[in-house]
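Working notes, beginning with the structure itself.
The values are calculated or read from the model by the stated rules, or taken from the named source; none is laboratory data. On a predicted model such as this, the values are computed, not experimentally measured, just so you know. Neighbour counts are summed over all protein chains in view; Cβ atoms, including those assigned to glycine, are modelled from backbone coordinates with ideal geometry.
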Amino acid sequence: MAETLPQVTIGEDERLDLENLATGAFHPVRGFMTREETLSVAQEMRLPSGEVWTIPILLQLQERPRVDKGDQVILMHREKPVALLQVEDAYELDLKALARQVFGTESEAHPGVRKLLAKGPYALGGRVEVLAWRPRSAQLEKTPEEMRAFFREKGWKRVVAFQTRNAPHRAHEYLIRLGLELADGVLVHPILGAKKEDDFPTEVIVKAYQALIEGFLPRERVALFGLATPMRYAGPREAVFHALVRKNFGATHFLVGRDHAGVGDFYDPYAAHRIFDQLPPLGIEIVKVGAVFHCPICGGIASERTCPEAHREKRLSISMTKVRALLREGKTPPPELVRPELLPILRQGV
């Protein structure tokens, strides 16, 4: 088959996306998006069917494809056939307009915009059939069906999902503990796909969460698995995308913190909270949490809702950017920022 059909080479991002399309992780999206679907999602945050979806799932190309609607195409990854695409649309994108609609900017200083522009102005839309699945870690990756079965076996009816692209600092731990207060169990679901260069490597992130869970959290109530998709850094729109995907994996609640999926100063810190107010119920409850920090007067980790305004000047903000900067300078981050027990692992990622 691969010898007789047209071939299109795809990258790792697209390889992960097509598998998520096939497993239902991206439900109700069922294939790489057509022009109609892309424009509808970009402009209305809805699929043409009216269902909420906020991030285009694209198969971009540098050159205009020589295929038509109804053709079949073999998708090649690292010179091996991995999927069959039934072409429903072959079209050209206005990438800068799309970037403004999805990311709120066309600045190439934004990593999501930079990647969108680099992948090319042409696209193919259509359903995919996976021919060769990449090796999955049985311990780290589950399909939505497998995850829902896992929750049923555990007896978890209320599941809070915690999205992360970074290694855990004290504010992350605070959010996980908040989730444990609300539900039968917490799904810690870090991004396994590509991230920007100054984020921690995936293996370091996973090791750090494993150490946190094994040493400091009730292991029987915290599940650590990974989501094999790249980060888009699309701020509020990606917060909705993350929530919808975690609903597909069986979560009933989703934590949205300050500047969820943000990068630099591109988004208002609470835009990811407000966007859910513009949308109908999504079938998953959104747990909105404000800024989390260390307050020496309160005597520990607190949030805007639990720390008096009079303490504002004493608050120590917590960020992994700050932790990484200290580690790169050969300094030891204070325990108010990150658990000392995690530092040997984090040092492996700087």
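Some observations on this one:
- Where Gly126 falls short, out of the listed (1) on the phi > 0 side of the Ramachandran plot; (2) exposed (fewer than 15 other Cβ atoms within 10 Å of the Cβ); (3) not aromatic (Phe, Trp, Tyr): (2)
- A single entry from Ala208, Ala171, Ala167, Ala228 fulfils the requirement of being out of contact with any Ser or Thr (no Cβ under 7 Å at 6 or more places or on another chain) and farther than 23 Å from Arg328 by Cα: Ala228.
- Residue check for Ala149: surrounded by fewer than 18 Cβ atoms within 10 Å (Cβ to Cβ), in the same structural domain as Phe249 (by TED's automatic domain parsing) and under 30 Å from Leu180 (Cα atoms): yes
- Candidates Arg324, Arg328 - the one that is under 22 Å from the mean Cα position of the chain (by Cα) and in the same structural domain as Arg170 (by TED's automatic domain parsing): Arg324
- In region 256-275, the residues that are surrounded by fewer than 21 Cβ atoms within 10 Å (Cβ to Cβ) and among the aromatic types (Phe, Trp, Tyr): Phe266, Tyr270
- The residues of region 177-191 that are touching a helix residue (DSSP H, G or I) at 6+ places or on another chain (Cβ under 9 Å) and either part of a strand (DSSP E or B) or surrounded by 22 or more Cβ atoms within 10 Å (Cβ to Cβ) (or both), listed by number, are Gly185, Val186, Leu187, Val188, His189, Pro190, Ile191.
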